[in-house]
1. List pairs: first in the stretch 152-173 and in contact (Cβ under 8 Å) with a residue 12 or more places away in the chain, second loosely packed, with under 12 Cβ neighbours inside 10 Å, Cβ under 8 Å, 6+ apart or cross-chain?
2. Would you say ALA152 is assigned by TED's automatic domain parsing to the domain that holds PHE104 and either of a type outside the set (Gly, Ala, Ser) or not in a loop (DSSP other than H, G, I, E, B) (or both)?
3. Can you go through GLU81, GLU88, GLU124 and tell me which one is touching a helix residue (DSSP H, G or I) at 6+ places or on another chain (Cβ under 6 Å) and among the acidic types (Asp, Glu)?
4. Looking at GLU81, is it closer than 14 Å to VAL204 by Cβ and either in the same structural domain as GLY29 (by TED's automatic domain parsing) or not aliphatic (A, V, I, L, M) (or both)?
5. With the condition being at pLDDT 95 or above and under 21 Å from the mean Cα position of the chain (by Cα), I'd like the helices (runs of 4 or more DSSP H) fully within the stretch 17-99 carrying at least 3 qualifying residues.
6. Does LEU62 satisfy being in contact (Cβ under 8 Å) with a residue 40 or more places away in the chain, under 18 Å from TRP165 (Cα atoms) and assigned by TED's automatic domain parsing to the domain that holds ALA164?
7. Would you pick out the residues in the stretch 142-151 that are under 18 Å from LEU82 (Cβ atoms) and surrounded by 14 or more Cβ atoms within 10 Å (Cβ to Cβ)?
8. Based on this model, can you work out whether MET74 counts as in contact (Cβ under 8 Å) with a residue 60 or more places away in the chain and touching a helix residue (DSSP H, G or I) at 6+ places or on another chain (Cβ under 6 Å)?
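The values are calculated or read from the model by the stated rules, or taken from the named source; none is laboratory data. Bear in mind that the values here come from a model prediction, so they are computed numbers and not experimental data. Quick reminder, even Gly has a Cβ in these numbers, built from the backbone with ideal geometry, and neighbours come from all protein chains shown.
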Amino acid sequence: MPDARKPGQKYEDGDLRAALLEATETLVGKHGPNAVSLREVARMAGVSHGAPAYHFGDKRGLFAAFASDGWARMGATILEELERRSPENAAAMLAAIGDAYIDFALRNPGRFDVMFRRDLFDLENPAYVAEGDAAWSLLDETIQRAVEEGRAEAAEADDLAFMAWSMVHGFAALWNSGRVASRKEKLDPRALAKRMNAMFVREVMTKKKGRSG
C-alpha cells in the first residue's frame, strides 16, 4: 500500500485512478472509512485536490468505485482458487468458492466491510452491480452444475445459493468484527472455515439424489 507521494507526481489517466483507489485502501485499512476524504486521498496519491472529484465525483462515488473494485478482486480470487484446485464436481467447486470468499474477506477486512455499506455509497451503482453480479455468477453456475449432476433440486437452487453465500459471509463478518477476540488465539480462521465449508458441502451436495455420489 502506498505512502504519500511527492506533490506533482504524474500518472497516466488509468494509473491515477488506480493510485487513488490504492490510497483509499490504505486509509480504510489504517483508520477505517470515516477517515477517507477526497482531499486526504489526493494528498496520499500526491496529486491535486481536484483529481478524486474528476474521477469519482464525490466521496460516495469514490466508495462505489472502491467497492466495485473489491468485487472484481473477489471474483479474481475465486477464479484463481478454482483454477488451482481444478475441482471435479460441483461439491468441490462450492467448497473452493467458500474458502476463497472467506480468505479474501480475512485478507481485506476494511475493503470487505465497505463493499456492503449502504451508508457509504449507492448499492444500485451500475458498476458495483455489474461486478457483484459477475462474482455471484460463479456461485450460481456452481449450483446449476450441482442440479445437472443430481446433487441439488432445481426448485431449491436459488435457496441453496443464498444459503451458501450467507454462511461464508456471516463467518467472515463475525470474525472480522472482533466479537470472537477471546477465542482468536485458539482458532485458525482459515482452517475453521475449511472445516465449516466441508461440513456444509457434505450435508447438502455430496449425495446425489437417491444414491451415494
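1. Qualifying pairs under 8 Å: GLU153/LYS209.
2. The answer is no for ALA152.
3. Answer to the check: GLU81.
4. It is false that GLU81 is closer than 14 Å to VAL204 by Cβ and either in the same structural domain as GLY29 (by TED's automatic domain parsing) or not aliphatic (A, V, I, L, M) (or both).
5. 59-85
6. Taking the combined requirement at face value, the residue does not satisfy it.
7. THR142, ILE143, GLN144, ARG145, ALA146, GLU149, ARG151, listed by residue number.
8. yes
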